[in-house]
Amino acid sequence: MDGGWGGEVPAVYGHEAAGVVDEIGPGVTSVKPGDHVVVTLIRSCGHCFFCAQGDQHICETQFPLDANSPLHDDAGQ
Ligand SMILES: [Zn+2]
């Protein structure tokens, strides 16, 4: 955002993505269709002690993907 790593700003670099929510699945409450979102590999809850201090990169919340990888082989393992 500040251009510290070079290149044209504003920009979305690397593994981040941005878009608009089209649909949500059962149990999803944090976003709704039409919301504009930014996705990053560094997950943060926005509510824990560290997130509240502005240190989202060391968020202490456990997320479902921390315990259950979305990756699997043909046998489902
Ligand atoms: Zn957090």
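No value in this document is a laboratory result; all are computed from the given coordinates. The shown structure was predicted, so the numbers you read here are calculated from the model rather than taken from an experiment. As a convention, Cβ positions derive from the backbone with ideal geometry for all residues, glycine included, and neighbour counts pool all protein chains shown.
General observations
- Residue list for region 33-77, filter: surrounded by 10 or more Cβ atoms within 10 Å (Cβ to Cβ) and charged (D, E, K, R): Asp35, Arg43, Asp55, Glu60
- Summed over region 40-71, the residues that are on the phi < 0 side of the Ramachandran plot, without any contact (Cβ under 8 Å) to a residue 24 or more places away in the chain and not in a helix (DSSP H, G or I) give a count of 17.
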